[in-house]
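Structure, as structure tokens:
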Amino acid sequence: MDLIVKNGSVVTPSETFVADIGVSGGKIVAIGKDLSDPKATVVDAGGKYVLPGAIDVHTHLAMPFGGTVSADDYESGTRAAACGGVTTVFDYAIQRKGKGIVETVSERRKMAEPGACVDFAFHCAITDLNGGALLDEFPAAVEYGVPSFKCFMVYKKEGMMVDDGTLAKILQKSKEAGTLTNVHAENPDVIDVNVAKFLAEGKTSAWYHYLSRPEYVEAEADVRAIHWAKSMDAPLYIVHLANKEGVDAVTKARDEGYEIYAETCPQYLHFTSEVYKREDGRNFVCSPPMKGAESQAALWAALKRGDISVVATDHCPFNQAEKDWGKDNFTKIPNGCAGIENLYPFMLDAANTGKISFQKAVEVCAANPAKIFGCETKGSLAVGKDADIVIYDPAKKFTISTSNMHSKYDHTIWEGVSLKGYPVQTYLRGALVYDNGKFVGTPGAGQFVKRKGRPV
Ligand code: URP
Ligand code: ZN
Ligand code: ZN
């Protein structure tokens with residue numbers, strides 16, 4: 001064996017037990033008591049938790065958006081991921097009119113490969129069916145290792161929105177192609193009406209970003225997407241769910257037996273719409289916006305019951321000068337916030353302070369993302385899986401600040417948030433990439449994860 005992690009509390013979605021983990025050739029080869037091998041590096045994890053590396057299935061690295069490009073590129077974003085215990089990052093490759101899916105993804109893959117510090121996968125966000133040709137490409141995309149497609153139900157002006165007819169065609173095709181359809185659910189027309197009204201009234205602060213996209217704007221689109229998925233008996237994955245009515249619709253559909261998944265993000269679990277009243281409210285502008293306390297409570301309850309299956313970040317940071325474009329007009333603020341390095345520490349703090357169990361944190365940050373999105377070698381600590389391992393010290397105190405993060409952004413919405421417990425080491429396929437505050441991995445060592453399509 002190359003590595004033995006000894007005496008840690010090993011966490012799986014169903015149990016926590018003290019054991020040693022043996023690693024050889026980047027894979028977990030043994031889990032048991034008293035493992036030994038004179039050739040192995042031995043790491044004592046006594047008193048610590050040993051967890052699977054998290055899988056952040058929702059990021060936007062180097063994304064052209066809002067008149068600029070998101071601040072983290074593939075190297076800095078995946079470096080930050082490693083330092084937060086994330087060992088696989090999913091990025092959204094945005095398909096543009098005339099381009100194919102494999103063409104779009106392989107371009108982004110070429111951008112990612114030289115700097116990737118952890119493993120990476122792609123979803124493709126479809127913006128145009130190219131007269132229907134794109135639907136015929138679904139099997140080739142699955143074969144390439146990209147069996148999930150996103151539909152933005154918003155961002156008309158940005159040229160990324162798909163209408164209901166296109167969404168319906170994608171859902172229908174997904175059943176025979178073995179793909180999963182992800183949706184960003186908000187109602188674009190109602191947003192436009194609200195925005196025009198507020199601007200005409202001179203209401204331009206970040207608070208009006210929230211009021212132009214309040215709970216009902218998101219809920220209507222959640223219900224609509226679920227309706228189409230149910231009608232076509234197609235699986236559906238709702239990204240960054242943030243409102244209570246949407247949670248209720250997901251819960252009902254799942255109770256009825258439909259394959260509907262929901263993802264939420266740490267920012268919706270921690271902040272409420274009150275942040276938009278702050279002087280720096282523009283820094284929190286993302287879509288959908290943070291919602292009220294009732295929605296937040298519904299998200300936590302759904303997470304505990306299992307009706308929210310995944311927590312991911314929607315990492316899409318912009319620098320302060322760019323956020324400042326919208327100081328006097330909320331529509332000019334690039335939408336998106338940082339989070340890739342905060343996902344696992346935040347969810348593990350929730351476990352460490354008794355809000356959820358450690359098993360639940362592992363389920364929603366690692367095991368479910370791997371299962372839902374076809375990462376066969378990732379997401380759990382078991383013999384045969386990749387040795388993507390995080391050692392977590394439950395006693396370590398940590399206060400988040402831009403200065404102790406590993407990204408390229410110049411501010412974070414998480415500034416000053418204190419956590420009980422923090423990851424101390426991250427291993428990517430058996431190689432140490434993060435050690436007590438420092439990135440120690442190798443840019444370019446991250447590999448493309450070829451995912452498996454759904455059964456058809
Ligand atoms: O505000 C956000 N969420 N920006 C990134 C793009 C998206 O909608 O996911
Ligand atoms: Zn979105
Ligand atoms: Zn997003």
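Couple of notes before you dig in:
- Boolean, residue 369 is assigned to a helix (DSSP H, G or I), within 16 Å of ligand 3 (Cβ to nearest atom) and not charged (D, E, K, R): yes
- Residues of region 401-447 classified as of a type in the set (A, V, I, L, M), closer than 21 Å to residue 73 by Cα and in a loop (DSSP other than H, G, I, E, B), total: 4
- Look at region 144-166: where a residue is within 14 Å of ligand 3 (Cβ to nearest atom) and a partner is in a strand (DSSP E or B) and open to solvent by 10 Å² or more (accessible area, probe 1.4 Å), sitting 6+ places away or on another chain with Cβ atoms under 8 Å, you get 152/161; 153/161; 154/161; 155/161; 158/65; 160/94.
- The residues of region 301-340 that are without any contact (Cβ under 8 Å) to a residue 40 or more places away in the chain and open to solvent by less than 30 Å² (accessible area, probe 1.4 Å) amount to a single one, 306.
- Filter result (of a type in the set (S, T, N, Q) and more than 16 Å from ligand 3 (Cβ to nearest atom)) within region 285-303: 295, 296
- Any hit, region 279-292, residues being part of a helix (DSSP H, G or I) and open to solvent by 10 Å² or more (accessible area, probe 1.4 Å): yes
- Count of residues meeting criterion [in contact (Cβ under 8 Å) with a residue 24 or more places away in the chain and either touching a strand residue (DSSP E or B) at 6+ places or on another chain (Cβ under 6 Å) or more than 17 Å from residue 158 (Cβ to Cβ) (or both)] in region 199-216: 10
- Sole residue being in contact with a Phe, Trp or Tyr (Cβ under 6 Å, 6 or more places away or on another chain), over 27 Å from residue 252 (Cβ atoms) and not assigned by TED's automatic domain parsing to the domain that holds residue 398, chosen from 285, 275: 275
- Of note, residue 387 satisfies the criterion of being within 26 Å of residue 75 (Cα to Cα), assigned by TED's automatic domain parsing to the domain that holds residue 32, open to solvent by less than 10 Å² (accessible area, probe 1.4 Å) and at pLDDT 95 or above.
- Filtered residues of region 230-253 (kept if in a helix (DSSP H, G or I) and closer than 13 Å to residue 185 by Cα): 245, 246, 247, 249, 250
- Among the residues here, residue 14 does not qualify as surrounded by fewer than 24 Cβ atoms within 10 Å (Cβ to Cβ), modelled with pLDDT of 95 or more and more than 16 Å from ligand 2 (Cβ to nearest atom).
Residues are listed down the side, and each one gets a yes or a no for (1) assigned to a loop (DSSP other than H, G, I, E, B); (2) within 24 Å of residue 424 (Cβ to Cβ):
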| position | (1), (2) |
| --- | --- |
| 20 | no, yes |
| 31 | no, yes |
| 35 | yes, yes |
| 38 | yes, no |
| 42 | no, yes |
| 47 | yes, yes |
| 51 | no, yes |
| 58 | no, no |
| 71 | yes, no |
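- Single condition residue 113 does not satisfy, out of (1) open to solvent by 10 Å² or more (accessible area, probe 1.4 Å); (2) over 21 Å from residue 377 (Cβ atoms): (2)
- The single residue among 104, 87, 127 that is open to solvent by less than 40 Å² (accessible area, probe 1.4 Å), in contact with a Gly (Cβ under 7 Å, 6 or more places away or on another chain), away from ligand 2 (no atom under 16 Å from the Cβ) and in the same structural domain as residue 342 (by TED's automatic domain parsing) turns out to be 87.
- Among the conditions (1) crowded, with 19+ Cβ neighbours inside 10 Å; (2) over 30 Å from residue 106 (Cβ atoms); (3) among the hydroxyl-bearing types (Ser, Thr, Tyr), residue 434 misses just one, which is (2).
- Residue 366 closer than 17 Å to residue 12 by Cα, touching a residue at least 60 places away in the same chain (Cβ under 8 Å), more than 16 Å from ligand 2 (Cβ to nearest atom) and open to solvent by 30 Å² or more (accessible area, probe 1.4 Å): no
- Wholly within region 107-225, helices (runs of 4 or more DSSP H) carrying at least 1 residues that are out of contact with any helix residue (DSSP H, G or I) (no Cβ under 8 Å at 6 or more places or on another chain): 133-136, 138-144, 164-177, 188-200
- Out of 164, 136, 91, sole residue that is closer than 30 Å to residue 219 by Cα and more than 23 Å from the chain's Cα centre (by Cα): 164
- Yes/no for residue 43 being on the phi < 0 side of the Ramachandran plot and not assigned by TED's automatic domain parsing to the domain that holds residue 10: no
- Restricting attention to region 43-67, the residues that are more than 12 Å from ligand 1 (Cβ to nearest atom) and open to solvent by 10 Å² or more (accessible area, probe 1.4 Å) add up to 8.
The values are calculated or read from the model by the stated rules, or taken from the named source; none is laboratory data. All figures in this text were calculated on a predicted structure; none of them were measured in a lab. Using ideal geometry, Cβ is built from the backbone for each residue, glycine included, and neighbour counts are taken over all protein chains shown. All accessible areas refer to the heavy atoms of the entire protein, side chains included, with ligands and DNA or RNA removed. Shrake-Rupley method; radii C 1.70, N 1.55, O 1.52, S 1.80 Å.
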